[in-house]
Protein chains: 2
Amino acid sequence: MSLENTTVNKSFDGWTKHFVHRSTTLNCDMRFAIYLPPQTDKGQRVPVLYWLSGLTCTDENFMHKAGAQRTAAALGIAIVAPDTSPRGEGVADADGYDLGQGAGFYVNATQAPWDRHYRMYDYVLTELPQLVEASFPVSDKRSIAGHSMGGHGALVLALRNPDRFRSVSAFSPISNPVDCPWGEKAFAAYLGKDTRAWADYDASMLMRKATAFVPALVDQGKADEFLEKQLRPEALEMAARSSGHPLTINYRDGYDHSYYFIASFIDDHLRFHSQHLTG
Amino acid sequence: MSLENTTVNKSFDGWTKHFVHRSTTLNCDMRFAIYLPPQTDKGQRVPVLYWLSGLTCTDENFMHKAGAQRTAAALGIAIVAPDTSPRGEGVADADGYDLGQGAGFYVNATQAPWDRHYRMYDYVLTELPQLVEASFPVSDKRSIAGHSMGGHGALVLALRNPDRFRSVSAFSPISNPVDCPWGEKAFAAYLGKDTRAWADYDASMLMRKATAFVPALVDQGKADEFLEKQLRPEALEMAARSSGHPLTINYRDGYDHSYYFIASFIDDHLRFHSQHLTG
C-alpha cells in the first residue's frame, strides 16, 4: 500500500499530516488527515480516534476548525479524518450537495452507478484502519466519532462492530436516516428503493436491537437549523431506552450545526474516548 | 454608523459574529468578525484584542482556525478581526496575492490608484475601535496582535500609538518590511518610491527609536518557509536591544507559517494580553 504524504504541519508539539493513497475498496485515490500527538515522536504507540465529517466536508475541515489537537496532544490520542466520499474523474456524482461526491453517507452502495466506488462503510471499517495501523505508530485501540452525516456513520460503524470500537461519539448526528429527507434521498440512491436494506445503516434501528454495547456520547445544539427535520436525536434516545444501550445525549442551548459548536465541546468528547481507549 | 450582522455562532458560551458596515475611512463596505465572551451576556464590559490577519486572509480565518475563543471566554476578552484590505467593485487591485485586495499592509496609501481606498492604518487605529466601542459591551482597553503582514500591522500600530494599546503580540511578523520583497513591493506601490516615507511603517525602525514602550511578544516558527527572506525577526530583536524596548521573541522548533502554529501558541498570547488588559 503506497502512501503519499502531501502536507506536514507541526501542531501542539505533534504533527498534523495529510496523505493520499490508492484505495482498493473505493477504486480511486483517497485523501485522509492524521494528527500524531507528541508521544509518537518518543516511540510510543497511541490509540486512534476516527473522525467522520459531514456533508460537503473533506479531510481538511476537522483538522482546521475543531481545535482538537491541543487535547489530543495532552491525552496522547491520534486522530484520523478521512474524506467524506470517493472522488475524482470517473467517480459518479450528482448535482445536490447531499448526494455523490462529498456525501458518501458511510454505506456500501449496491445500486448503479454508485456501486462502483461508494463503499465508505468498508473503507472506514477495514481498509483505512489496516493502512493506518501498518503505517503509523498507533495501537489497535480504536474509537470513532463524527458530525452530522459523519455522526450517523460513526454510530452505525460502532453499533455494528462493537468489537472494533471502544467508544463512539457524535455531534448533531443524522440519528434516524430512514425517516428524514437527507437519509431517504441518499439511501434510495445508494441502497435502492426497498427500505429493508436501509435498516443496517440506521443508528436508531441498530441501537434499538443492540445486545453488545459501545459507550456512546452525543452532543446536539438546540439552535441547530437541521434538528427537527433531519437529525431526530429523540429516535436515538428512545432506542437506547428500549434496549438499555448506554447513551448520553447533551442538548446545548443556543448552539447550531457549525464547527463552532464542535470546537466548544470537542474536549469533552476527547476525554470521553480517552477513558475508554486507555483502559 | 450602520452595522449589518451577517452571522452569529455560539462558541464557548459566547458569540462569534460577523458584521458589514460602510467605512468612511476606506470608502467601501468592510467586514469584520468579533468574538464576544460570555461575560458580555451578563452585562460586563470587556477589553478588546484586535487581531490583524496576513496576506490573502479575510475576517474569517482567525475565527475559524486559531482556536482562540476557548481562552478568550475564560479570560473575558473580546477579539475583533477585520478584513485585510478594502474590497469590492471599484476598489483598486493587482494580480499578485501580495498587493491590492487581501494585502492592505495596514498603511495609508498616498499613491494612485491606491490612495482612494487603502487606508487600513487609519481604519484599524480609529474608525474600527470607535465603531466597536459604540456598538458592543466593551471597554476602551485595547491590545493588538496579528500574523505575518498582520503582525507587521500590529507592531506598527502599537509602536506609533503606545497610548492606545496596552500590549502587542505577533506571530511570524514581517518585522523589517523596508528590507524584504513583500514590503518593498507593497510600500513602493502604496507609499511611492521615496523610501523615506516607508520608515513610519517599519516595526524595526520604529522600535529602534521608541521612547514610549508597549510590552511586546513575538512567536516565530523556525521551520517557517518565509523566515529568512521575508520576516527578519533578528532586525526587530536588534532594534529592541538598541532602544531597550521590552520584547520577548520565542523561536519555536519545527513550526511553520500556518494557522497550526498560531493555534499551538495563541493561548500564551491571550494570557500575555490579559495581564496587560486587566491591570
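The values are calculated or read from the model by the stated rules, or taken from the named source; none is laboratory data. If you're wondering where the values come from, they're calculated on a predicted model, not measured in any experiment. Note: ideal-geometry Cβ built from the backbone for every residue, glycine included; neighbour counts use all protein chains shown. Heads up: the accessible areas ignore ligands, DNA and RNA and are worked out on the full protein's heavy atoms, side chains in. Shrake-Rupley method; radii C 1.70, N 1.55, O 1.52, S 1.80 Å.
Enter the buried accessible area of the A/B pair, total of both sides, probe 1.4 Å, in Å² rounded to the nearest 100. Working shown, then result.
Working: alone 11140 and 11160 Å², together 20440 Å².
Buried area (both sides, nearest 100 Å²): 1900 Å².
At a 1.4 Å probe, what is the % contribution of carbon and sulfur to the accessible area of the stretch A:3-278?
Numbers: 4530 of 9880 Å².
It is 46 percent, rounded to a whole number.
Inter-copy label distances at residue B:199, 7 Å along the Cα→beta-carbon direction, one decimal in nm, shortest first? Sorted ascending, the copy-to-copy spacings read 8.3 nm. Whats the longest run of chain B with zero trypsin sites (Lys or Arg not before Pro) that are DSSP loop and have at most 14 other Cβ atoms within 10 Å? Result for the longest clean stretch: B:1-192. Relative contact order, whole percent, for the stretch B:6-162 stands at 26, derived from Cα pairs under 8 Å and 6 or more residues apart.
Taking 7 Å along the Cα-to-C-beta vector as the label spot, tell me the residue A:213-residue B:242 distance in nanometres, rounded to one decimal. In this crude spin-label approximation the distance works out to 7.0 nm. Considering only A:58, A:156, A:173, and ranking their Cα positions along the charge dipole of chain A that arises from unit charges at the beta-carbon of Lys, Arg, Asp and Glu, the one farthest toward the positive end is A:156.
Rolling a 1.4 Å probe over the protein heavy atoms gives the protein assembly as shown an accessible area of 37 Å² per residue. Put simply, the amide H of residue B:145, placed in the peptide plane, has neighbours under 5 Å in B:50, B:51, B:52, B:169, leaving out anything fewer than 5 places away on its chain.
List the relative contact order of chain A as a percent without decimals, with contacts defined as Cα pairs under 8 Å and 6+ residues apart.
Details: 656 pairs, mean separation 46.2, N = 279.
Over chain A, the number comes to 17 percent.
Distance in whole Å from the A-onto-B rotation axis to the closest C-beta of chain A, together with the residue it belongs to, please. Of all Cβ atoms in chain A, the one nearest the axis gives A:67, 2.
Cross-link candidates for residue B:222: which aspartates and glutamates have Cα within less than 17 Å, leaving aside residues fewer than 8 places away along the same chain? Counting by Cα, and skipping residues close in sequence, residue B:222 has these aspartates and glutamates nearby: A:13, B:234, B:237, B:253, B:256.
Along the charge dipole of the stretch B:3-278, pointing to its positive end and built from +1/-1 on Cβ of Lys, Arg, Asp and Glu, which listed residue (B:132, B:30, B:6) has its Cα farthest out? Result: B:132. Between residue A:193 and residue B:42, the FRET efficiency estimated from the beta carbon spacing at R0 = 51 angstrom works out to 0.40. Averaged over the residues of peptide B:63-70, the number of Cβ atoms from other protein chains lying within 10 Å of each residue's Cβ is 4. Among the chymotrypsin sites (Phe, Trp or Tyr not before Pro) within the stretch A:83-140, those in coil by DSSP and having at most 14 neighbouring Cβ atoms inside 10 Å are A:97. For residue B:188, inter-copy separations between label points set 7 Å beyond Cα along the Cβ vector come to 6.2 nm, shortest first.
How large is the charge dipole for the protein assembly as shown, taken about the Cα centre, if only the Cβ atoms of Lys, Arg (+1) and Asp, Glu (-1) carry charge, to the nearest 20 debye? Provide the component values of the computation, followed by the final result.
Working: 54 positive and 64 negative charges, 236 e Å.
Using Cβ point charges on Lys, Arg, Asp and Glu, the protein assembly as shown gives about 1140 debye.
Distance between the 7 Å Cα→Cβ label points at residue A:278 and residue B:200: 5.6 nm.
So what is the 222 nm mean residue ellipticity for the protein assembly as shown from helices alone, if each DSSP H run of at least 4 adds -39500 (n - 2.57) and you divide by all residues, rounding to the nearest 500 deg cm²/dmol?
Details: 16 runs with 158 residues, N = 558.
It comes out at -8500 deg cm²/dmol, rounded to the nearest 500.
Among beta bridges from DSSP that stay inside the protein assembly as shown, the antiparallel ones total about 50%. Taking the DSSP beta bridges with both ends in the stretch B:108-258, the antiparallel portion is around 5 percent.
Separation of the stretch A:231-255 from the stretch A:119-195 is 18 Å, based on Cα centroids. Taken one residue at a time, the phi angles of the stretch A:238-253 give Karplus couplings (6.51, -1.76, 1.60, θ = phi - 60°) of 5, 5, 5, 5, 5, 9, x, 5, x, 7, 10, 10, 9, 8, 10, 4 Hz. Gly and Pro are set to x.
Annotation: amide H of residue B:221 within the under-5 Å range of B:172, B:252, sequence separation 5 or more or interchain, hydrogens built in the peptide plane.
Counting only DSSP beta bridges with both residues in chain A, tell me the antiparallel percent, nearest 5. Could the numbers behind the result be given before it?
Details: 23 of 46 bridges.
Taking every DSSP beta bridge within chain A, about 50 percent pair in antiparallel fashion.
Determine the alpha carbon to alpha carbon distance for each of A:17/A:141; A:17/A:65; A:17/A:42; A:65/B:141 and list only those over 26 Å. Walk me through the intermediate numbers first.
Values: A:17/A:141 20 Å; A:17/A:65 15 Å; A:17/A:42 17 Å; A:65/B:141 29 Å.
Correct reply: A:65/B:141.
Positive-end ranking of A:217, A:199, A:254 along the dipole of chain A, with charges on Cβ about the Cα centre, is headed by A:217. Cross-link partners for residue B:229 among the lysines, with Cα-Cα distance under 16 Å and sequence neighbours closer than 8 places in the same chain left out: B:185.
Taken about its Cα centre, chain A carries a charge dipole of roughly 700 debye when the Cβ of each Lys and Arg holds +1 and the Cβ of each Asp and Glu holds -1. Here is how far apart the residue A:97 label points are across copies: 2.4 nm, shortest first, using a point 7 Å from Cα toward Cβ.
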